[in-house]
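Structure first, commentary second.
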Amino acid sequence: MSTDAIVLLKEDHQEMRRLFKEFQASEDAPASKRGRLVKQILEALTVHTYLENEIMYPEVRKRLPELEDHILESYEEHHVADVLCFELSSMQPDDEHFNAKTTVLIENVLHHVEEEEQEWFPKVRESMGRKELQEMGQRMIDRRPEAPRSPTAPKALKKSLDAMRA
């Protein structure tokens, strides 16, 4: 298993894409199944954004000031996703807005992932050494168990607000 921070984040992205496809394929499934899938999506996104906001973004921001604009945009994209996740967490799967809100969340996250993987990650990899990325990745692995699992967890709400103010 790799400890490279970028590899770990891309693995998270792959898992999210898988969950998104499963949700999109469940259009005719019972609302309860869509609800379970969205719960999994919300957990995956909450953990992932926590690790990026706590470890990746502050570290890259400190070491690579030329990427400041990318980091700030990423924080804002996380904030939009956090708001959608928070709203979805309080909705019932049979709510008339549930599927539409989930679709908007998916579209926003896929846009964010594409930017990270195509624009941002290559610049980070070029500027940081393998050892630095492995150390950062190990910190992510170590912190994953303590990451909030729900967008309504106090730690998740506080981190979202703190990241915006950074």
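Note on the chain: GNM, Cα springs under 10 Å; of 12, 69, 82, the largest mean-square fluctuation is that of 69.
State which stretch of the chain is the longest one without any exposed GluC sites (Glu not before Pro), exposure meaning a DSSP loop state and at most 15 other Cβ atoms within 10 Å. By the stated rule (loop sites, at most 15 other Cβ atoms within 10 Å), 97-166.
Below 8 Å, C-alpha to C-alpha, sequence gap of six or more: please give me the relative contact order for the chain in percent. Could you put the intermediate results ahead of the total?
Working: 140 pairs, mean separation 70.8, N = 166.
Computed value for the chain: 43 percent relative contact order.
3J(HN,Hα) along segment 80-89, derived from phi through the Karplus expression 6.51 cos²θ - 1.76 cosθ + 1.60 where θ = phi - 60°, amounts to 4, 5, 4, 5, 4, 4, 4, 5, 5, 5 Hz, with x in place of Gly and Pro.
Shown here: mean projected area of the Cα convex hull in nm², derived from the displayed model; of the candidates [x] 9.3; [y] 10.1; [z] 20.1, it corresponds to [x]. Residue-wise HN-Hα couplings along segment 4-10, as the Karplus relation 6.51 cos²θ - 1.76 cosθ + 1.60 with θ = phi - 60° gives them from phi, are 5, 4, 5, 4, 4, 5, 5 Hz; Gly and Pro carry x.
A cut-off of 5 Å between modelled amide H atoms, ignoring neighbours fewer than 5 places along the same chain, links residue 29 with no other residue.
Rule-based calculations on the coordinates, nothing more; no lab input. Remember, it's a predicted structure, so these values are computed and weren't measured experimentally. Cβ coordinates were reconstructed from backbone atoms using ideal geometry, including for glycine residues, and neighbour counts include every protein chain displayed.
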